[in-house]
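Engineer: One structure, as structure tokens, below. Some questions next.
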Amino acid sequence: MRLALFDLDNTLLGGDSDHAWGDYLCERGFLDAVAYKTRNDEFYQDYLAGKLDNAAYLNFCLEILGRTDMVVLEEWHRDFMRDCIEPILLPKAQALLDKHRAAGDKLVIITATNRFVTAPIAERLGVETLIATECEMQDGRYTGRSTDVPCFREGKVTRLNRWLEETGHSLEDSYFYSDSMNDLPLLEQVTTAVAVDPDPNLRAEAEKRGWQVISLRD
């Protein structure tokens, strides 16, 4: 079965679910907006400088999961889906998923954003297989820490290769759709790499390599 792999944020969605989740928590007073934004901006500058401590960033983002009851988190996420995710769903993205599904392809969302945020989004999009950054759990609740290899840059390749070994799928005749230069390591692994509303660096790379460039925005 042919694989059709999809990045999530700014690819299948018209925005970034990770960033939107932080905004949601701040706007509703669940986090100190000033302190959170200051720390988040520091991480972002490290990211731009190519020196991001991804583990520290993940622990920063996931800390609130560790101090919040599951029932409350589930309520927050329902509101988040309604208020923040539904408005950035893209009809053309759903049509692309439907096209691959109709062709008999195996759909996989592979994202750096954590599973807590993204699992309900993948379900909403009708994609059963999600490879995401994992949130550690203990005794039925989140610890506030990440676990396993973060699904980011080369980590996406690592996590995908493990999934391929576990499931028996292969990358023969495979597709991967992404907006981000961070996904170059995985884009180089598939048969057909497609840049979707790409950032400037990925657009330049796609043009240099002759990769298809598409838009799913209206």
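Engineer: Of the conditions (1) in contact with a His (Cβ under 7 Å, 6 or more places away or on another chain); (2) in a helix (DSSP H, G or I), His77 fails just one. Which one is it?
Structural biologist: (1)
Engineer: Follow-up question, since we're still on this one. Are there any pairs with C-beta distances below 8 angstrom linking a residue in the range 151-176 that is assigned to a loop (DSSP other than H, G, I, E, B) to a residue that is of a type in the set (Val, Ile, Thr) and open to solvent by less than 30 Å² (accessible area, probe 1.4 Å), with the two at least 6 apart or on different chains, and if so which?
Structural biologist: Listed pairs, sorted by first residue: Cys151/Ile110; Cys151/Thr111; Cys151/Ile131; Cys151/Thr133; Phe152/Thr133; Leu171/Val190; Ser174/Val190.
Engineer: From the list Gln189, Gln138, exactly one residue is at negative phi and loosely packed, with under 13 Cβ neighbours inside 10 Å. Which is it?
Structural biologist: So the residue among Gln189, Gln138 that is at negative phi and loosely packed, with under 13 Cβ neighbours inside 10 Å is Gln138.
Engineer: Looking at (1) within 24 Å of Arg2 (Cβ to Cβ); (2) in contact (Cβ under 8 Å) with a residue 60 or more places away in the chain; (3) open to solvent by 20 Å² or more (accessible area, probe 1.4 Å); (4) charged (D, E, K, R), which one does Glu128 not meet, given that it meets all the others?
Structural biologist: (2)
Engineer: Anything in the range 17-73 that is over 18 Å from Arg141 (Cα atoms) and β-branched (Val, Ile, Thr)? List them, or say none.
Structural biologist: Val34, Thr38
Engineer: Scan the range 175-185 and tell me whether some residue there is at pLDDT below 95, touching a helix residue (DSSP H, G or I) at 6+ places or on another chain (Cβ under 8 Å) and open to solvent by 30 Å² or more (accessible area, probe 1.4 Å).
Structural biologist: yes
Engineer: Filtering the range 88-110 down to residues that are more than 17 Å from the chain's Cα centre (by Cα) and free of Cβ contacts under 8 Å to residues at least 40 places away in the same chain, which residue is farthest from Tyr24 (Cα to Cα)?
Structural biologist: Among those that are more than 17 Å from the chain's Cα centre (by Cα) and free of Cβ contacts under 8 Å to residues at least 40 places away in the same chain, it is Ala102.
Engineer: Another question, if that's okay. Do any residues in the range 29-42 that are touching a residue at least 24 places away in the same chain (Cβ under 8 Å) have Cβ atoms under 7 Å from those of residues that are hydroxyl-bearing (Ser, Thr, Tyr) and surrounded by 10 or more Cβ atoms within 10 Å (Cβ to Cβ), where the two are at least six apart or on different chains, and which pairs are they?
Structural biologist: none
Engineer: Sticking with this structure for a sec: Name the residue, out of Thr118, Thr113, Thr147, that is within 15 Å of the chain's Cα centre (by Cα), polar (S, T, N, Q) and modelled with pLDDT under 95.
Structural biologist: Step by step, each of Thr118, Thr113, Thr147 is checked, and only Thr113 is within 15 Å of the chain's Cα centre (by Cα), polar (S, T, N, Q) and modelled with pLDDT under 95.
Engineer: Further question: Are any residues in the range 1-25 modelled with pLDDT under 90 and over 28 Å from Ala193 (Cβ atoms), and if so, which ones?
Structural biologist: The answer is Gly22, Asp23.
Engineer: Tell me yes or no: at least one residue of the range 199-215 is surrounded by 15 or more Cβ atoms within 10 Å (Cβ to Cβ) and in a loop (DSSP other than H, G, I, E, B).
Structural biologist: yes
Engineer: Still on this structure, please answer the following. In the range 96-113, how many residues are on the phi < 0 side of the Ramachandran plot and either loosely packed, with under 14 Cβ neighbours inside 10 Å or among the polar types (S, T, N, Q) (or both)?
Structural biologist: Here the count works out to 6.
The values are calculated or read from the model by the stated rules, or taken from the named source; none is laboratory data. The structure presented is a predicted model; accordingly, all values stated were derived computationally and were not measured. Cβ sites come from the backbone with ideal geometry, for glycine too, and all protein chains shown count toward neighbours. Surface areas here come from the heavy atoms of the whole protein model, side chains and all, with no ligands, DNA or RNA. Shrake-Rupley method; radii C 1.70, N 1.55, O 1.52, S 1.80 Å.
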